[in-house]
Amino acid sequence: MPVQQFSFFTDGLLPGQRQTSDYTVDTNLDDERLWIPFGPGVAFQPCQFNLSGGGFIVILRADPGAQMPPHFHSTSVIGYTLRGNWRYLEHDWTAKPGTFIYEPAGEAHTLTVDATEPAPAMILFVVTGGFIYIDKVTDGNMLAYDDGFTILEIARKHYQSVGLNPALLDAMIR
């Protein structure tokens, strides 16, 4: 059945406020206020919100012993390990600083940092679309969904809660 009515989500910016030019983001991996909690032992610092396609770019930090819920991406993902070691439970490799990864759309996996690691892992992830949390990797049921819109909303709430101006995030919207 064809879509008969569209529902539009707004990023909260008026036309003309949305930036279309090049920009830079100065992250600070040592400033705890900038790390946005994203589950037990997991946090992120945003670099970009692509609200045209629902993607986003973040630096993800996962502490030793942390594990994200199983999930899969509706589009491809690129990752680059900045610090620490991490892996997917479903694969036999371990990423270390300098490891580049490519994830094809639809691959289900569970990101983890072994509890024996001496420091958190930090990974730059370029996520080009949404991702779906599932209860298990094989024949899993959908539990939740995140994309650039929901990640932006999580970031805005966090910035507000720690006394940072949520408008700082608007410069990252493309």
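The values are calculated or read from the model by the stated rules, or taken from the named source; none is laboratory data. Fair warning: this is a prediction, and the values are worked out from it, not measured in the lab. Heads up, the Cβs are rebuilt from the backbone with ideal geometry, glycines too, and the neighbour counts pull from every protein chain shown. Surface areas here come from the heavy atoms of the whole protein model, side chains and all, with no ligands, DNA or RNA. Shrake-Rupley method; radii C 1.70, N 1.55, O 1.52, S 1.80 Å.
Taking the Cβ of Gly140 as the centre, find all other residues whose Cβ is under 14 Å away and add up their charges (Lys, Arg: +1; Asp, Glu: -1).
Net of charged neighbours comes to -3.
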Please arrange Thr24, Thr150, Thr94 by accessible surface area, largest first, computed with a 1.4 Å probe and ligands excluded. Thr24, Thr94, Thr150
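Give the range of the longest stretch in the chain that excludes all chymotrypsin sites (Phe, Trp or Tyr not before Pro) found in loop regions by DSSP and having at most 12 other beta-carbon atoms within 10 Å. Provide the component values of the computation, followed by the final result.
Numbers: sites that count: Phe6, Phe8, Phe9, Tyr23, Trp93.
Value returned for the longest uninterrupted segment is 94-174.
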Taking the dipole about the Cα centre of the chain, with the C-beta of Lys and Arg at +1 and of Asp and Glu at -1, give me whichever of Thr94, Gln48, Ser74 is farthest to the positive side. Gln48
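Under a 1.4 Å probe, what is the accessible area of region 58-102 per residue, stated in Å²?
Working: 2210 Å² over 45 residues.
Per-residue accessible area for region 58-102 comes out at 49 Å².
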MRE, 222 nm, helices only [DSSP H, n ≥ 4, -39500 (n - 2.57), over the chain, to nearest 500]: -2500 deg cm²/dmol
For Arg83, the residues 5 or more places away or on another chain with a placed amide H closer than 5 Å to its own amide H are Met122
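For region 48-174, what relative contact order do you get, as a whole percent, if you take Cα pairs closer than 8 Å and at least 6 residues apart?
Numbers: 294 pairs, mean separation 43.3, N = 127.
So the answer I get is 34 percent.
Where Rh is the Kirkwood radius over the Cα pairs of region 123-174, the temperature 4 °C and the viscosity 1.567 mPa s, what D in µm²/s does Stokes-Einstein return? Could you put the intermediate results ahead of the total?
Working: Rh = 13.0 Å.
The diffusion coefficient I find is 100 µm²/s.
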Spatial separation of Cα centroids for region 111-174 and region 29-61, in angstrom: 6
For the chain, with only Lys/Arg (+1) and Asp/Glu (-1) charged at the beta-carbon, what is the dipole magnitude about the Cα centre, in debye rounded to 20? 260
So how strong a dipole does region 96-174 carry about its Cα centre when Lys and Arg Cβ are +1 and Asp and Glu Cβ are -1, to the nearest 20 debye? 280
Provide Rg and Dmax in Å for the chain, with only Cα atoms included in the calculation. 16.6, 54
Which cross-chain or sequence-distant (5 or more) residues have an amide H under 5 Å from the amide H of Gln48, H modelled 1.01 Å from N in plane? Ile57
Whole-Hz Karplus couplings 3J(HN,Hα) for region 41-55, θ = phi - 60° and coefficients 6.51, -1.76, 1.60, Gly and Pro as x, run x, 10, 8, 9, 10, x, 10, 7, 10, 9, 8, 7, x, x, x
Counting only residues 5 or more apart in sequence or on a different chain, those whose built amide H sits under 5 Å from that of Gly129 are Phe56, Thr75
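Just how large is the dipole of region 62-111 about the Cα centre, in debye to the nearest 20, putting +1 at every Lys and Arg Cβ and -1 at every Asp and Glu Cβ? Walk me through the numbers on the way to the answer.
On the way: 3 positive and 5 negative charges, 41 e Å.
With Lys and Arg at +1 and Asp and Glu at -1, about 200 debye.
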